[in-house]
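The values are calculated or read from the model by the stated rules, or taken from the named source; none is laboratory data. Computed from a prediction, not measured in an experiment: that's the story for all the values here. Heads up, the Cβs are rebuilt from the backbone with ideal geometry, glycines too, and the neighbour counts pull from every protein chain shown.
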Amino acid sequence: MYDLIILGGGPAGYNAAERAAQGGMKVLLFEGRALGGVCLNEGCIPTKTLLYSAKIYDYAKHSAEYGVTFDGAKIDHSAVLARKAKVVKMLVGGVGAKMKKLGVEVVSEYAKIKGKSAEGITVEAAGKEYTASQLLICTGSEASVPPIPGLRESLASGFGMTSREFLDNKEVPKELVVIGGGVIGLEMASYMCSIGVKVTVLEMLDHIAGPTDREISSILQKNYMKKGITFILGAKVTSVGTDCVNYELNGKAETVKCDKVLISIGRRANTKDIGLENLGVLTERGAIVTTDDMKTSVPNVWAAGDVNGKIMLAHTGYREGEVAVANMLGGHQKVNYSSIPSVIYTNPEVASVGETVDSAKAKDIDAVSETITMKYSGRYVAENEGGDGICKLVVDKAHHTLIGVHMIGNYSSEIIFGAATFVEKAMRIEQIKQLVFPHPTVCEIIREAVNEIKF
Ligand code: NAI
C-alpha cells in the first residue's frame, strides 16, 4: 500500500514524486519509456542541445562582424546528435539518482488504472496490482496526427516525422517541409536552416508562432526569411505524397517537393488506454479536466502536466505537480496560469509572459503598452551585431500593474523569469522603477521600458 501512485515520469511526474517523498509520502512512480519524459528525452533538452550547436555555428559564420576571422567552420550533425545523447543520458541519470535518494520506488512499466475501493485506487502493471490512497496522472502528450491523406503513411515510411523521430534522425535532408509554424516547427526549422537545409514552413494561420505578440512574431519571421527559410502562410495542407506536400493557398492547389516532412501541428493529451473509464474521470476533447488546484472529477485522483491540456509546457507541469502534492498534504495551493512564461529558443530568442495588447483588449482590460528597441541595452548592442530585438510591456492602466512582457532578442529566455515574477506579484510600475538592475545586462531593458511608460 502506497500513499501516492504517479503515472508518468516526465517533469510533472518526477517533480511531484520528489515533493511527495520530501513531504513524507510513500511514493510509487510508473514510467514505461524513460524517466524525464518527452522533456528530457525527446523535447526541451534535446532541442536545446541542437539549437546551442547551431548558435555556435551561426556565430562562427558571422564572426567577422565581431572582429574574429577564421576559415572553415563546419557543423557535423552526427556529432551534434552524439552530444545530445550524452546530455540526455546525464540528465535522465540524474532524475533516476534523485528518485533513489528520496526513496521513490520506480517501476519501468506502463500502468493501467483498475478501479477504486475503500482501500484506495488500484493500478495494474505487468500483471501485478498496486494500491495507493492518492493517484496523480502525469501521462503527458503526443504529437497530433490529423487525418490528412498520406500523413500516416508518410510516418510509416519515414518520409514524415514527428519531433520524436526527427531528434534522432542522422540523415540531413536537402529540402525539409515543416507543417505547422508553431513552437516545435520554428525551433526545428531554425536548427535545420542553420545547418544548411532548405526549409519551407507551411502554416495554416496568417502568422507564425501562434499566440505570440504579432509584432514579435513578424520580427522573428523576417529574421528567418533573411536566413533563408521560406514561410507559406495561410496554407491548408491537403495531402502528403511520397516526395512532396500538397496544400491549398488562396483556393489554388500547390505542391512543394522535399525529402523530409516534419509534422508539428500541436500535441494531444495521452489519456487513451490508461483506464480512466474505470474511475469515471472526466475528460474534455481528450484531456483530463482539472481545477486550478489540480483535482480531477474523482476525489483523490489528480492530474498534472500536458495530460490536462491546459498549458503544454514542462514548467507548467512542474508547478501543477507540486501544487497537487501540496494539496494532497493538506495545503490550499493553486496554479496561477496568468503568469506562466513561455520561450521559443530560436536565434533570436522569443520570450513572453502574461497579456498581450490584444488579449488584454479581449478581456476588457484598459491597458497601455510601451515598446522599446533592445538597443537601449548596452550589452545587447555589444553582443548582437545588427540585432533588431524589442521589448514590449503591457500595463493595467487603472492599477499601474505590469500584466504582460514580450521580448525578442537573445537572453530573453533568461530575463523572462524576472518579468514573470513582476507579473505574478502584480507589481506596480512605481515599484519596479525602484529596483536595481545589474549593469551592463540585457535585463536592464525592463528598467528602460518601465521608465518610458506614460499613463
Ligand atoms: P503549436 O500549437 O505550438 O503550433 C502548431 C501550429 O500548426 C499552429 O501554428 C497551427 O496553426 C499550425 N497548424 C495546425 N494544423 C495545421 C495544418 N493542417 N497545416 C498547417 N499548419 C497547421 O504546436 P507544436 O509546435 O506542435 O508544439 C506542441 C506543444 O509543445 C506546444 O504546446 C508547445 O508549447 C510545446 N513546446 C514548447 C516548446 C518551448 O516552450 N520552447 C518547445 C517545443 C514544444
Residue, nearest to the chain's Cα centre (by Cα), within region 186-205, restricted to residues that are within 10 Å of the ligand (Cβ to nearest atom) and charged (D, E, K, R): GLU187
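Is it true that VAL38 is part of a helix (DSSP H, G or I), more than 16 Å from the ligand (Cβ to nearest atom) and modelled with pLDDT of 95 or more? Break it down stepwise before answering.
Values: part of a helix (DSSP H, G or I): yes; more than 16 Å from the ligand (Cβ to nearest atom): no; modelled with pLDDT of 95 or more: yes.
Here the answer is no, as VAL38 does not meet what is asked.
Kindly check whether there is at least one residue in region 44-58 that is among the aliphatic types (A, V, I, L, M), loosely packed, with under 15 Cβ neighbours inside 10 Å and part of a helix (DSSP H, G or I).
Initially, region 44-58 is screened for residues among the aliphatic types (A, V, I, L, M), giving 45, 50-51, 54, 56.
Filter once more, keeping what is loosely packed, with under 15 Cβ neighbours inside 10 Å: 56.
Checking the rest, the ones that are also part of a helix (DSSP H, G or I) come to 56.
There is at least one residue in region 44-58 that is among the aliphatic types (A, V, I, L, M), loosely packed, with under 15 Cβ neighbours inside 10 Å and part of a helix (DSSP H, G or I).
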So, first residue free of Cβ contacts under 8 Å to residues at least 60 places away in the same chain and assigned by TED's automatic domain parsing to the domain that holds VAL27 in region 126-146, second residue away from the ligand (no atom under 11 Å from the Cβ) and of a type outside the set (Ser, Thr, Tyr), Cβ within less than 6 Å, six or more apart or across chains; the pairs are ALA126/GLU109
Return the residues of region 226-258 that are away from the ligand (no atom under 14 Å from the Cβ), among the hydrophobic types (A, V, I, L, M, F, W, C) and closer than 19 Å to PRO147 by Cα; say none if nothing qualifies. CYS244, ALA253
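What tally of residues in region 289-308 results from selecting those that are within 16 Å of the ligand (Cβ to nearest atom) and in contact (Cβ under 8 Å) with a residue 60 or more places away in the chain?
First, pick out the residues of region 289-308 that are within 16 Å of the ligand (Cβ to nearest atom): 304-308.
Still in the list and also in contact (Cβ under 8 Å) with a residue 60 or more places away in the chain: 304-307.
Summing the residues that are within 16 Å of the ligand (Cβ to nearest atom) and in contact (Cβ under 8 Å) with a residue 60 or more places away in the chain in region 289-308 gives 4.
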So in region 103-147, with the set limited to residues that are within 16 Å of the ligand (Cβ to nearest atom) and β-branched (Val, Ile, Thr), which one is surrounded by the most Cβ atoms within 10 Å (Cβ to Cβ)? THR139
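Restricting to region 184-207, name every residue that is farther than 16 Å from LYS227 by Cα and surrounded by fewer than 24 Cβ atoms within 10 Å (Cβ to Cβ). Lay out the reasoning, then the answer.
Narrowing region 184-207 to residues farther than 16 Å from LYS227 by Cα: 184, 202-207.
ILE184, MET204, LEU205, ASP206, HIS207, listed by residue number.
Every residue, every condition in (1) away from the ligand (no atom under 16 Å from the Cβ); (2) outside the structural domain of ILE445 (by TED's automatic domain parsing); (3) among the aromatic types (Phe, Trp, Tyr); (4) buried (at least 22 other Cβ atoms within 10 Å of the Cβ), yes or no:
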{"site": "VAL353", "(1), (2), (3), (4)": "no, no, no, yes"}
{"site": "ALA360", "(1), (2), (3), (4)": "yes, no, no, no"}
{"site": "ASP364", "(1), (2), (3), (4)": "yes, no, no, no"}
{"site": "GLY389", "(1), (2), (3), (4)": "yes, no, no, yes"}
{"site": "HIS399", "(1), (2), (3), (4)": "yes, no, no, no"}
{"site": "ILE415", "(1), (2), (3), (4)": "no, no, no, yes"}
{"site": "VAL423", "(1), (2), (3), (4)": "yes, no, no, yes"}
Could you please find all residues in region 172-195 being under 18 Å from HIS77 (Cα atoms), assigned to a helix (DSSP H, G or I) and of a type outside the set (A, V, I, L, M)? GLU187, SER190, TYR191, CYS193, SER194
Tell me yes or no: at least one residue of region 155-171 is under 20 Å from LYS236 (Cβ atoms) and part of a helix (DSSP H, G or I). yes
Taking region 160-177 as the region of interest, how many residues are under 22 Å from the mean Cα position of the chain (by Cα), of a type outside the set (Asp, Glu) and surrounded by fewer than 16 Cβ atoms within 10 Å (Cβ to Cβ)? 2
Residues that are under 27 Å from the mean Cα position of the chain (by Cα), over 30 Å from TYR191 (Cβ atoms) and of a type outside the set (S, T, N, Q), drawn from region 366-395: GLU370, LEU393, VAL394, VAL395
Conditions (1) under 25 Å from LEU50 (Cβ atoms); (2) more than 9 Å from the ligand (Cβ to nearest atom): number failed by ILE265: (2)
Taking region 167-185 as the region of interest, how many residues are within 15 Å of the ligand (Cβ to nearest atom) and either of a type in the set (S, T, N, Q) or within 23 Å of ILE45 (Cβ to Cβ) (or both)? 9
